[in-house]
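Novice: What follows is a single structure, and I will ask about it in a moment.
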Amino acid sequence: MHKKYSKNAKQNILPGFNLSLGFTIFYLSLIVLIPLSAAFIKTTELSFSEFWAVVSAPRVVASYQLTFGASLIGALINAVFGLLTAWVLVRYTFPGKKIIDALVDLPFALPTAVAGIALTAVYAGNGWIGQWLEPLGIKVAFTPIGVIVALTFIGLPFVVRTVQPVLEDLEAETEEAAASLGANRWQTFTKIIFPAIWPALLTGFALAFARAIGEYGSVIFIAGNVPFVSEITPLIIITKLEQYEYASATAVAVVMLVISFLLLFAINGLQWWVNRRATALT
Amino acid sequence: MSIEIKNIRKNFGSFSALNDVSLDVPSGELVALLGPSGCGKTTLLRIIAGLETPDSGSIHFHGADATAQKVREREVGFVFQHYALFRHMTVFENVAFGLRVRPKETRPTDAEIKRRVHELLELVQLDWLADRYPPQLSGGQRQRIALARALAVEPKVLLLDEPFGALDAKVRKELRRWLRRLHDELHITSIFVTHDQEEALEVSDRVVVINKGQVEQIGSPQEVYDNPVSPFVYQFLGNVNQFHSQIHQGEANIGGVGLKINAHHDTKHSAGLAYVRPHDIEIHKVRNGEAPAFEAVIHYIHAIGPLVRLELQRADQEDLIEAELTQERFRELGLIQGQNVFVYPRNVRVFLNA
């Protein structure tokens with residue numbers, strides 16, 4: 001006993017491990033695990049065949065495809081343009097830079113419903129941008145494109161804010177070294193800069209993606225919520241709740257939860273692998 | 001390949017980093033740019049490399065104007081103080097980088113790259129580290145890899161920016177001897193920047209002393225050490241004692257003591273500064289005939305190492321004189337703290353006040 005105790009004491013130089021770990025687990029249980037497990041428990045009110053009928057209804061399956069598909073596309077768009085935004089903010093000085101830097105955070109702060117209404121007003125057939133797109137045959141509001149636009153909007157800060165500090169920390173000297181060795185700008189970017197920011201970009205992408213999957217407020221206005229076309233899964237859940245079908249609502253929620261968890265788990269796995277390679281066992 | 005630097009000026013805002021600097025580096029020489037921090041030596045090196053553009057003036061490589069060339073066109077190898085290795089690449093890939101980014105027509109085959117990289121790693125004696133990543137190496141190893149990487153592209157000029165500045169004293173000494181040997185093998189025109197006069201004097205063929213954006217003196221290590229052209233160079237190349245003096249017809253009068261100096265014979269009644277190196281201070285316990293001497297008290301004795309360092313307080317004023325004796329001479333004299341002695345400066349070097 002005594003020996004075991006002293007070994008533990010040696011392993012943890014920082015005091016308070018037991019207390020802080022205990023609190024963390026208690027807190028996570030209270031805030032995250034208990035509500036989530038309630039969803040699972042509520043779902044058990046349904047038999048398996050009932051459950052399967054609810055979650056595999058064609059209208060619900062269409063909503064999964066829209067939610068995860070649009071979230072993925074939105075996150076990918078953010079990865080590209082968020083990187084570009086971060087690059088511009090870090091690498092160049094120009095008047096109004098501070099303002100643009102602050103603007104990036106706006107999607108964080110804006111109530112999502114406000115964002116949804118604003119986007120709808122702008123992209124509707126008679127809106128500022130919508131009126132020019134309509135004649136070209138591009139309808140944004142009340143279509144899946146609208147959903148993608150909304151999900152891109154709310155995800156932007158995640159990519160910018162994760163990539164920006166890494167880009168700032170990048171040593172200018174390594175780029176100069178690459179140039180002195182004969183690399184052109186494109187080679188320097190792909191072989192030196194990109195590998196360094198890739199883990200951060202992946203994190204930003206994962207955050208934007210996760211945020212988009214759970215997004216509700218900004219989407220429902222612009223989506224128009226046409227069944228099979230522009231109806232997202234969170235809306236289906238709300239609809240079922242409004243019809244007092246609590247068990248069915250939680251059944252759909254559980255499916256979302258599991259898919260989200262698996263996706264995030266996979267992305268985390270990828271991150272871990274990338275990080276391990278990037279820091280090369282140091 | 002020779003390098004000619006002509007009338008380079010560079011300002012950063014209102015700060016003048018380089019003020020009309022001209023310098024010729026003959027082919028195959030190892031030249032040290034020596035100066036205190038902020039004197040412009042690194043800026044000059046970066047301008048030679050093409051990492052910085054001069055406000056005016058030109059750079060010529062072997063007679064051809066290279067001022068407008070970009071860094072990647074100049075075929076220079078650049079070694080940074082903090083190595084600037086690519087962290088996410090193995091040592092092998094770091095060294096191979098310069099070969100791999102070549103356009104397809106001139107890129108060597110994989111087998112050729114492999115052969116070349118291992119050859120270079122053997123040259124820097126680190127072939128066994130090929131599969132490691134830079135963060136796993138010590139500082140000295142990293143700098144040798146950085147050097148191998150720079151040499152991989154067969155540069156015409158090798159530029160090193162305080163290459164040993166981030167290393168500890170022992171490794172620094174080892175590496176600078178190793179650099180000298182490497183240069184003797186490869187004969188590549190090399191310029192390195194340092195603020196360490198010992199390093200510059202030991203390693204280089206020629207020393208360029210720079211101060212406040214201007215070249216103070218150019219010469220072999222022996223020349224600049226023995227015949228410094230200005231008080232700055234004299235002070236920068238070693239410890240000194242400085243005396244305010246009146247110069248009159250080949251004699252420096254320092255507080256009533258008239259020292260013969262082998263210069264300024266025609267100067268009459270001018271103020272000047274007289275300098276003496278600590279090892280040129282001779283000490284006697286009794287007055288040595290008619291030779292001019294200061295009376296002084298031994299203030300402090302530091303007797304560690306091959307040389308004994310003494311601090312002497314002049315009798316006529318507050319100033320301290322620093323002296324260095326061999327252990328042998330020190331024991332012979334049997335000096336102790338607080339003792340009265342006579343100080344005889346040799347090789348006094350005088351610069352008249354401008």
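The values are calculated or read from the model by the stated rules, or taken from the named source; none is laboratory data. Source: prediction; values computed, not measured. For neighbour counting, all protein chains shown are included, and Cβ atoms are generated from backbone atoms with ideal geometry for every residue, glycine included. These area figures cover heavy atoms from the full protein model, side chains too; ligands, DNA and RNA do not enter into them. Shrake-Rupley method; radii C 1.70, N 1.55, O 1.52, S 1.80 Å.
Novice: Percent of alpha carbon pairs in the range B:16-167 separated by more than 29 Å?
Specialist: 23
Novice: Which value, in Å² rounded to 10, gives the accessible area of B:M89 with a 1.4 Å probe and all protein chains present?
Specialist: 30
Novice: Then there is this: Per DSSP H run of n ≥ 4, the term is -39500 (n - 2.57); total these for chain A, divide by its residue number, and report the mean residue ellipticity at 222 nm rounded to 500 deg cm²/dmol.
Specialist: For chain A, the value works out to -24000 deg cm²/dmol.
Novice: Cross-link list A:K191/B:K10; A:K97/B:K10; A:K191/B:K41; A:K191/B:K104; B:K6/B:K212; B:K6/B:K41: which exceed 21 angstrom alpha carbon to alpha carbon?
Specialist: A:K191/B:K10; A:K97/B:K10; A:K191/B:K41
Novice: Could you order A:T188, B:T267 so the one with the most accessible surface comes first? Probe is 1.4 Å.
Specialist: B:T267, A:T188
Novice: Measure off 7 Å from each Cα along the Cα-to-Cβ vector at A:A247 and B:D24, then give the distance between these two points in nanometres to one decimal.
Specialist: Here the modelled spin labels are 9.8 nm apart.
Novice: Multiply the residue separation of B:K104 and B:H284 by 0.36 nm, subtract the distance between their alpha-carbon atoms, and state the gained length in nm to one decimal.
Specialist: Full extension of this stretch gives 57.3 nm more.
Novice: Report the full-extension gain for the segment A:L103 to A:K42: residue separation times 0.36 nm, less the Cα-Cα distance, to one decimal in nm.
Specialist: 17.8 nm
Novice: Name the residues whose placed amide hydrogens come within less than 5 Å of the amide hydrogen of B:L158, ignoring near sequence neighbours (fewer than 5 apart) on the same chain.
Specialist: B:G77, B:T189, B:S190, B:I191
Novice: Using a Gaussian network for chain B with springs between C-alpha atoms less than 10 Å apart, which of these wobbles most: B:P231, B:P306, B:P54?
Specialist: Evaluated over chain B, the most mobile residue of the options is B:P306.
Novice: Now, a different point. Accessible area per residue for the protein assembly as shown in Å², computed with a 1.4 Å probe and the full protein assembly in place, what is it?
Specialist: Solvent-accessible surface per residue comes out at 51 Å².
Novice: May I pose another question? Quick check: Cα centre of the range A:131-205 to Cα centre of the range B:307-330, how many Å?
Specialist: Taking the Cα centre of the range B:307-330 as reference, the centre of the range A:131-205 is 66 Å away.
Novice: Just the number, please: carbon plus sulfur as a percent of the accessible area of chain B, 1.4 Å probe, no ligands or DNA/RNA counted.
Specialist: 47
Novice: Considering all alpha-carbon pairs of the range A:46-281, what whole percent are spaced by more than 23 angstrom?
Specialist: Pairs farther apart than 23 Å: 57 percent.
Novice: Then there's this: Viscosity 0.692 mPa s, temperature 37 °C: give me the Stokes-Einstein translational D for the range B:286-345 in µm²/s, with Rh taken as the Kirkwood radius over C-alpha pairs.
Specialist: 277
Novice: Can I ask one more? From the C-alpha coordinates alone, can you work out the Kirkwood hydrodynamic radius of the protein assembly as shown, in Å?
Specialist: 31.5
Novice: From the square roots a ≥ b ≥ c of the eigenvalues of the alpha-carbon gyration tensor of chain B, which class results: rounded (a/c under 1.5), prolate (a/b over b/c), or oblate?
Specialist: Because a/c hits 1.5 or more and a/b exceeds b/c, chain B counts as prolate.
Novice: Just the number, please: buried accessible area between B and A, total of both chains, 1.4 angstrom probe, nearest 100 square angstrom.
Specialist: 2000
Novice: What percentage of the solvent-accessible surface of chain A, computed with a 1.4 Å probe over protein heavy atoms, is contributed by carbon and sulfur atoms?
Specialist: Looking at chain A in its full context, I get 72 percent from C and S.
Novice: Just give the residues from the range A:162-187 buried by at least 50 square angstrom of accessible area in the all-chains context relative to the isolated chain, probe 1.4 Å, and say none if nothing qualifies.
Specialist: Relative to the lone chain, where solvent access is computed with a 1.4 Å probe, the range A:162-187 loses at least 50 Å² at A:E173, A:E176, A:S180, A:L181.
Novice: Could you run the Karplus curve 6.51 cos²θ - 1.76 cosθ + 1.60 with θ = phi - 60° over the range B:154-166 and give me ³J(HN,Hα) per residue in whole Hz, x for Gly and Pro?
Specialist: Computed from phi, the couplings for the range B:154-166 are 6, x, 7, 9, 10, 10, 10, 9, 6, x, 10, x, 9 Hz.
Novice: Here is a follow-up. Report, in order of residue number, the helices in chain B meeting two criteria: a C-alpha extent of 15 Å or more along the helix axis, and a mean Kyte-Doolittle hydropathy of at least -1.0; treat each whole DSSP H run as one helix.
Specialist: B:110-123, B:139-152
Novice: Under a 5 Å amide H to amide H cut-off, with H placed in plane at 1.01 Å, what residues pair with B:I210 once short-range neighbours are removed?
Specialist: Sorted by chain and number, the residues that satisfy this are B:L34, B:G35, B:E216.
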